[in-house]
Amino acid sequence: MEIISVDGWYLLLRWIHFLAGITWIGLLYYFNFVQGEWFKETDAPAKSAAIQKLVPRALWWFRWGAMFTFLAGALTLITKGMQVGWGIYESSWGIVILTGSVLGTLMFLNVWLIIWPKQQIVIASANQVADGGDPLPDVAECTAKAGLASRTNTLFSIPMLLSMGAASHYPLNVTVETNYTGLFWVLAIIIGLIEINAVIGKPGPMATVKGVITSGVVLTVILFGAIDLLV
């Protein structure tokens, strides 16, 4: 059977990557474009009930969608390198897919190291208040940090998704003169500064839905402009 082969394994990984990725990014957009805006307008009892009952369920699918997207994506890249040679990552496809992969990896880390731990405190605080206790002292800070990381993931998702499609459908003119080192540092500095802001900074223009979408489009233009210029 053809499915029981390296190609079949590669197909299975890509299918899992797509399926889990749709689940993850769909919930990311729900949190930022729907739930977050509703929280700003609803009353305290409704918000508390949502945090206790709705948010934990959504976060379960959210974080495990991120986990399986990351694992399937990483195994896909490893399989590809073993199948056709690691030089593939110096090609047009490799440059663009790795750019998207770095963004996706940072998004995955933001989910598991920032968003989920902070949201656990927010949920625990809501449960404690519902039982007649006082809110946890650092709940406001946790809410803000989780929100900023989530906004940053939304920002990253826009160029990341374009990278997934552009890798196969937007070939670059890669030559022996391609400045791989310069490209690496330019992309690393741009992406790294935004990620640092996600950990210790402020939302800035990402505080609104319009702002985060606009910022994502601008980041996409900057990243792909840098790639085109240096390749």
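Just a few scattered comments:
- Restricting attention to region 207-219, the residues that are surrounded by 15 or more Cβ atoms within 10 Å (Cβ to Cβ) and either of a type outside the set (Val, Ile, Thr) or under 19 Å from Ala146 (Cβ atoms) (or both) total 6.
- Any pair with Cβ under 8 angstrom, 6 or more apart, that starts in region 44-60 at a residue that is more than 19 Å from Pro117 (Cβ to Cβ) and ends at one that is surrounded by 12 or more Cβ atoms within 10 Å (Cβ to Cβ) and of a type in the set (Ser, Thr, Tyr): Ala50/Thr42
- Some residue of region 151-163 being under 16 Å from Phe39 (Cβ atoms) and either acidic (Asp, Glu) or part of a helix (DSSP H, G or I) (or both): yes
- Val174 falls short on exactly one of the conditions (1) in a loop (DSSP other than H, G, I, E, B); (2) hydrophobic (A, V, I, L, M, F, W, C); (3) at pLDDT 95 or above, and that condition is (3).
- Residue selected from region 75-112 under the condition more than 14 Å from the chain's Cα centre (by Cα) and over 22 Å from Val231 (Cβ atoms), by the criterion surrounded by the fewest Cβ atoms within 10 Å (Cβ to Cβ): Met82
- Residue satisfying all of: in region 164-185; more than 28 Å from Phe33 (Cβ to Cβ) and without any contact (Cβ under 8 Å) to a residue 12 or more places away in the chain; surrounded by the fewest Cβ atoms within 10 Å (Cβ to Cβ) among these: Val176
- Residues satisfying the stated conditions in region 178-202, i.e. assigned to a helix (DSSP H, G or I) and more than 30 Å from Glu141 (Cβ to Cβ): Tyr180, Thr181, Gly182, Leu183, Phe184, Trp185, Val186, Leu187
- Here region 2-28 is the region considered, the condition is being among the charged types (D, E, K, R) and more than 16 Å from Met164 (Cβ to Cβ), and the residue that is modelled with the lowest pLDDT is Glu2.
- Which listed residue, of Gly133, Gly204, is surrounded by fewer than 20 Cβ atoms within 10 Å (Cβ to Cβ) and either acidic (Asp, Glu) or on the phi > 0 side of the Ramachandran plot (or both): Gly204
- Residue within region 136-145 that is buried (at least 22 other Cβ atoms within 10 Å of the Cβ) and either among the hydroxyl-bearing types (Ser, Thr, Tyr) or on the phi > 0 side of the Ramachandran plot (or both) present: no
- Residue within region 68-88 that is touching a Gly at 6+ places or on another chain (Cβ under 6 Å) and among the hydrophobic types (A, V, I, L, M, F, W, C) present: yes
- Meets criteria (under 27 Å from Val221 (Cα atoms), surrounded by 13 or more Cβ atoms within 10 Å (Cβ to Cβ) and either among the hydrophobic types (A, V, I, L, M, F, W, C) or in contact with a helix residue (DSSP H, G or I) (Cβ under 6 Å, 6 or more places away or on another chain) (or both)) for Ile158: yes
- Long-range neighbours under 6 Å by Cβ, at least six apart or interchain, first residue of a type in the set (S, T, N, Q) within region 111-133, second not in a helix (DSSP H, G or I): Ser125/Pro135; Ser125/Leu136
The values are calculated or read from the model by the stated rules, or taken from the named source; none is laboratory data. The structure presented is a predicted model; accordingly, all values stated were derived computationally and were not measured. Ideal geometry is used to build each Cβ from the backbone, glycine not excepted, and the neighbour counts take in all protein chains shown.
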